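Enquirer: There's a structure below that I have some questions on.
The values are calculated or read from the model by the stated rules, or taken from the named source; none is laboratory data. As the structure is a prediction and not an experimental result, all values here were calculated from the model. Heads up, the Cβs are rebuilt from the backbone with ideal geometry, glycines too, and the neighbour counts pull from every protein chain shown. We work out accessible area using only protein heavy atoms, side chains counted, and drop any ligands, DNA or RNA first. Shrake-Rupley method; radii C 1.70, N 1.55, O 1.52, S 1.80 Å.
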Amino acid sequence: MQRRSLFHASLAWGALGSLASLIGCSTASRIPEKTRVLVVGGGYGGATAAKYVRVLSNYQIDVVLIEPDAAFVSCPMSNLVIGGSKTMADITSPYDSLTSHHGVHVVRDYASGIDAAKKVVTLASGSSIRYDKLILSPGSELMFSAVEGLQSAHASGRILQAWKAGPETASLRQQLVDMPDGGVFAISIPEAPYRCPPGPYERASQVAHYFKQHKPKSKVLILDANQDVTSKGPLFKKFWADNYQGILEYIPQHHVTAVDTQTLTLKFEIQEDVKAHVLNVLPAMRSGSIAVESGFANANARWCGVNYQTFESTQAKDVHIIGDSILPAPAMPKSGHMANSQAKVAAAAVVAQLADMPVNPEPFLMNTCYSFVNDKYVVHVSSVHQYDKKDKTYKAVPGAGGLSAAPSALEATYALNWAQNIWNDTLR
Ligand SMILES: Cc1cc2nc3c(=O)[nH]c(=O)nc-3n(C[C@H](O)[C@H](O)[C@H](O)COP(=O)(O)OP(=O)(O)OC[C@H]3O[C@@H](n4cnc5c(N)ncnc54)[C@H](O)[C@@H]3O)c2cc1C
């Protein structure tokens, strides 16, 4: 037990490193007056970074957060809204506490351009804001053009993604409620990497659970472009076999190339067309559009390369990029927990650099990802990643992570506590 506490204490220390000592010493004398950190995107990465730059600088640095949405709506737990066991209100939190507890200036706007040479961000409203350091966490963008017909299908509201929690989450739930018993729900998954590896399988499980309770003649089809289930595979597949036999069918190696909105049909590279009553088509993904348009997505023109020790862009000085937008290090998932963890390392590095202090040489990142397989049973996967100075990347710490032995109700309690804790850590 003592060893475990020590291990967790060292993880917290590992994430923040030399900043723990920075808080204790006189940051005021080290950080020039009117120093400003501008954060773009108030999701898991950006909101956490905004808070921690304030906290770790002893409230010396002015932090401005740009976010177009009125409130934080969590993707984690949003599949439960689609399954019907949670509501939108359960996954929505205001941004107020970032301001009242931490003095973050939250500006409801959209960053439309970045001039990294002049250190200025232009907003959709027409104004512009200067920065000393920029932290970008705009999430991931869906590449609608990768699937023929998907952009117009999405615009018409007939084929939804709900891969950013919000109004689409509620609309997809409504499509399932309106679907007649005996209908088919089909979800298609792009090749990895994409936002939240287990997310589509959790969603399919939620819909299967809903059908089992309320529309028992209906079916769920998972059409996966990957070779196999990309996360927690054996756990999902065993639960499906034991509980959703005849309801849920998993079909790998199916790469969607086009959709027909009128007939709700999916077309594939090789295989026969598939028709459904409700289609949930997830196209390939890339860095949030502001990062792509600013020229920071320098890895396959999709993801942003970063120095993993500080999360500074390999393309632009004083621009730090975190969350789903970055090119992941090996075994690093695109998850909310990972974005939150990266945000603290980036915030610590940003504050250290602005205070002219050394950055943590070997930061740690952590991730735990829970998936609900029905409304009461949960499975998890967890990992710890340490920065390797020699290879300049993160490596999973052997033996520090793990996978559930089997789905359990106890894990559901852990999952709900995890959500509450991370929302508190991100926003309060
Ligand atoms: C269905 C589903 C379930 C998931 N479940 C889990 C889970 O259980 N656990 C887990 O850890 N992760 C989960 N995830 C993944 C997680 O949601 C993401 O990995 C995480 O949100 C990434 O954080 P981020 O900060 O990169 O992006 P986001 O949290 O999406 O935040 C990006 C923010 O940037 C804003 N933005 C974008 N562009 C601009 C701009 N130009 N100007 C200003 N603001 C901008 C957006 O409005 C948004 O608020 C799930 C995802 C989905 C879709």
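Enquirer: Determine the relative contact order of the chain: mean sequence separation of Cα pairs under 8 Å and six or more apart, normalised by residue count, in whole percent.
Expert: 19
Enquirer: A further question follows. Please report how far the C-alpha centroid of segment 408-428 lies from that of segment 34-81, rounded to the nearest whole angstrom.
Expert: Spelled out, the Cα-based centre of one part sits 19 Å from the other.
Enquirer: Here's something else I'd like to know. By how many degrees, between 0 and 90 and to the nearest 10, does the Cα long axis of helix 336-354 differ from the longest principal axis of the chain?
Expert: For 336-354 against the chain, the angle is about 20 degrees.
Enquirer: Next question. How many nm separate the modelled label positions at K392 and Q151, each set 7 Å beyond the Cα in the direction of the Cβ?
Expert: 3.7
Enquirer: Please work out the FRET efficiency for the pair E33 and Q213, using the Cβ-Cβ distance as r and a Förster radius of 41 Å; give the result to the nearest 0.05. Let's see the in-between values first.
Expert: Working: r = 60 Å, r/R0 = 1.47.
About 0.10, to the nearest 0.05.
Enquirer: Another question about this same structure. In degrees from 0 to 90, rounded to the nearest 10, what is the angle of the helix 44-56 Cα long axis to the longest principal axis of the chain?
Expert: Approximately 20 degrees, to the nearest 10.
Enquirer: Apply the a/c threshold of 1.5 to the C-alpha gyration tensor of segment 196-281 and tell me whether it is rounded, prolate or oblate.
Expert: Details: a/c = 2.06, a/b = 1.24, b/c = 1.66.
Cα axes put segment 196-281 in the oblate bin.
Enquirer: Hey, another quick one. Could you tell me what percent of the accessible area of the chain is made up of carbon and sulfur, with a 1.4 Å probe and every protein chain present?
Expert: Heavy-atom surface of the chain belonging to carbon and sulfur, 1.4 Å probe: 53 percent.
Enquirer: Given the alpha-carbon gyration tensor of segment 102-221, what are the semi-axes of its equivalent ellipsoid in whole angstrom, ordered largest first, with each equal to the square root of 5 times an eigenvalue?
Expert: Working from the Cα gyration tensor, I get semi-axes of 38, 16, 15 Å.
Enquirer: Tell me, in nm to one decimal, what length is gained between S408 and A89 on full extension, where the rule is 0.36 nm per residue of separation less the Cα-Cα distance?
Expert: Working: separation 319, 0.36 × 319 = 114.84 nm, distance 2.55 nm.
Stretched out fully, the S408 to A89 stretch lengthens by 112.3 nm.
Enquirer: Taking the 0 to 90 degree range and rounding to the nearest ten, how far is the long axis of helix 2-16 tilted relative to the main principal axis of the chain, both from C-alpha atoms?
Expert: Helix 2-16 sits roughly 70 degrees off the main axis of the chain.
Enquirer: Give me the compactness ratio for segment 145-193, meaning the Cα radius of gyration over 2.2 N^0.38 Å. Don't skip to the answer; put the middle values down first.
Expert: Values: Rg = 12.0 Å, N = 49, 2.2 N^0.38 = 9.7 Å.
Taking N as the residue count of segment 145-193, the ratio is 1.24.
Enquirer: Using the structure shown, select from K334/K392; K133/K389; K86/K334; K267/K376; K215/K275 the pairs with a Cα to Cα distance greater than 26 angstrom. Mind showing how you got there, number by number?
Expert: Numbers: K334/K392 19 Å; K133/K389 24 Å; K86/K334 23 Å; K267/K376 35 Å; K215/K275 18 Å.
With Cα atoms farther than 26 Å apart: K267/K376.
Enquirer: Let me ask another. Once you place label points 7 Å from the Cα toward the Cβ at N417 and S125, how far apart are they in nm?
Expert: So the label points at N417 and S125 sit 4.1 nm apart.
Enquirer: Okay, moving on. How many nm is it between the label spots at H101 and V177, if each spot is 7 Å from the Cα in line with the beta carbon?
Expert: The modelled label-to-label distance comes out at 3.2 nm.
Enquirer: Only helical DSSP H runs with n ≥ 4 go in: add -39500 (n - 2.57) per run for the chain, normalise by residue count and round the 222 nm mean residue ellipticity to 500 deg cm²/dmol.
Expert: Details: 13 runs with 140 residues, N = 428.
It comes out at -10000 deg cm²/dmol, rounded to the nearest 500.
Enquirer: Now, a different point. Taking the Cα atoms of segment 350-408 alone, what are Rg (to one decimal) and Dmax (as a whole number) in Å?
Expert: 16.7, 50
Enquirer: Just the ratio, please: alpha-carbon radius of gyration of segment 310-376 over 2.2 N^0.38 Å, N its number of residues. List each step's numbers first, then the result.
Expert: Details: Rg = 14.3 Å, N = 67, 2.2 N^0.38 = 10.9 Å.
Output field value: 1.32.
Enquirer: Kindly give the semi-axes, whole Å and largest first, of the ellipsoid equivalent to segment 282-428, taking each as the square root of 5 times a Cα gyration tensor eigenvalue.
Expert: On the way: eigenvalues 166, 66, 45 Å².
Working through the eigenvalues yields semi-axes of 29, 18, 15 Å.
Enquirer: In the P(r) worked out for the chain, what percent of Cα pairs fall beyond 29 Å? Intermediate results must be reported in sequence, preceding the final value.
Expert: On the way: 41454 of 91378 pairs.
It works out to 45 percent of all Cα pairs.
Enquirer: I would also like to ask the following. If you wrap a convex hull around the Cα atoms of segment 62-166, how much volume per residue is inside, in Å³? Display every interim value, and only then the final one.
Expert: Working: hull volume 15.0 nm³, N = 105.
Expressed per residue, the convex hull around the Cα atoms of segment 62-166 is 143 Å³.
Enquirer: Which value does Rg/Rh take for segment 220-358 over its C-alpha atoms, Rh per Kirkwood? Don't skip to the end; give the middle numbers.
Expert: Details: Rg = 20.0 Å, Rh = 18.1 Å.
Ratio value, two decimals: 1.10.
Enquirer: Also, quick follow-up: Taking just the C-alpha trace of segment 156-310, give me its Rg and Dmax in Å.
Expert: Calculated on Cα positions, Rg and Dmax stand at 16.7, 52 Å.
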